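Scroll down for the structure; my scribbles are underneath it.
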Amino acid sequence: MLIAIPLLFLSLVFGFLVREPQRGRWDGVADQPDPGETLRQAAMTLLRNRPYLILMSASALTTFSAYAFAMWNTSFLVRSHALSLQHAGILAGVVSGASMAFGGVFSGWLTDRLSSVNRAWLLRIPLLGHLLGLAGMVLYLLWPQATWLTVAGLPVPTAMLWAALSGFFSIWWVAASFNLLTQLVSPWQRATAIALQTVFSTLLGIGLGPLAVGLLSDALGGAFGNDSLRYAILFISVFLLVPMGLLLTLYHSGAYHAPAPVLRPSAGAPLVACSD
């Protein structure tokens, strides 16, 4: 309620004061008119767009690891760093939340600056963020129990430094990926393309990510005892190598150079190959 009410007023402000941009104003060239597809036809058209499918899959698999960590981070701090539930929740929210907020804003600015010079940065930035974020995550999860400083009588584990580093870099994929996604499809496909990506990301991220960690932690309980959650999160975090591989495939295909393909739904139509 405390969050919903201010957002309701904010939406009213946007509704009355912010004008919707003219459609196609920044597209550069005239596009073919909207073919008036049904939702099913639009979805099938997008799924035949191979570069889009690869990028969407990479984004969904990234959220699989991200939500798995986010849901279990507080429990990890309680079990592996002997913090109270309240203390662990505050640290997890403040440190990870603040670092990701700064990382998101910075990566958006960086994406605008670098991609205007070379569009390859639309994939280089997510890859770099994944690499550095994963390194920070591994260090965070494996760092031994130790106190960095004490704030208001509450100890802050040294591992939280690596959590902040991981949070800052792990969000770098968002701005660049959404930028590239809107360029891999035609203007009249963008809303459906983003919606489809959101659905897949939600199903994998919120639906399966935390569940996978819980099942894996239970399975590892006999071998690792109280540290089973640590290694379960670590395993799911390393799974980030899969979306990194997909982004590398997209990078080497040169798809970021290609103009948005114009596709029409038809039975048995071949996949649209990435441009070299």
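The values are calculated or read from the model by the stated rules, or taken from the named source; none is laboratory data. Note that this is a predicted model, so its numbers are computed, not measured. So basically every Cβ, Gly included, is an ideal-geometry build from the backbone, and we count neighbours across all protein chains shown.
Computed quantities for the displayed model
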| item | result |
| --- | --- |
| Subset of the stretch 207-225 (residues that are closer than 10 Å to MET71 by Cβ and exposed (fewer than 15 other Cβ atoms within 10 Å of the Cβ)) | LEU211 |
| Single match in LEU180, LEU83 (criterion: surrounded by 22 or more Cβ atoms within 10 Å (Cβ to Cβ), hydrophobic (A, V, I, L, M, F, W, C) and under 27 Å from LEU215 (Cβ atoms)) | LEU83 |
| Flag if ARG119 is basic (Lys, Arg) and either more than 20 Å from TYR52 (Cα to Cα) or out of contact with any helix residue (DSSP H, G or I) (no Cβ under 7 Å at 6 or more places or on another chain) (or both) | no |
| Flag for LEU141 being farther than 14 Å from TRP172 by Cα and touching a residue at least 24 places away in the same chain (Cβ under 8 Å) | yes |
| Only one of VAL151, VAL174 that is without any contact (Cβ under 8 Å) to a residue 60 or more places away in the chain and more than 13 Å from SER237 (Cβ to Cβ) | VAL151 |
| Single match in THR63, THR45 (criterion: buried (at least 18 other Cβ atoms within 10 Å of the Cβ), in a helix (DSSP H, G or I), at pLDDT 90 or above and polar (S, T, N, Q)) | THR63 |
| Selection status of MET100, under 28 Å from VAL199 (Cβ atoms), modelled with pLDDT under 90 and either part of a helix (DSSP H, G or I) or in contact with a helix residue (DSSP H, G or I) (Cβ under 9 Å, 6 or more places away or on another chain) (or both) | no |
| Residue in the stretch 107-114 that is among the basic types (Lys, Arg), buried (at least 16 other Cβ atoms within 10 Å of the Cβ) and part of a helix (DSSP H, G or I) present | no |
| Neighbours by Cβ (under 7 Å, 6+ apart or cross-chain): first from the stretch 96-113, on the phi > 0 side of the Ramachandran plot; second part of a helix (DSSP H, G or I) and basic (Lys, Arg) | none |
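Okay, residues lined up against (1) in contact with a strand residue (DSSP E or B) (Cβ under 8 Å, 6 or more places away or on another chain); (2) more than 23 Å from SER253 (Cβ to Cβ); (3) β-branched (Val, Ile, Thr); (4) surrounded by fewer than 22 Cβ atoms within 10 Å (Cβ to Cβ):
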| position | (1), (2), (3), (4) |
| --- | --- |
| PHE102 | no, yes, no, yes |
| VAL105 | no, yes, yes, yes |
| VAL117 | no, no, yes, yes |
| PRO126 | no, no, no, no |
| LEU149 | yes, yes, no, yes |
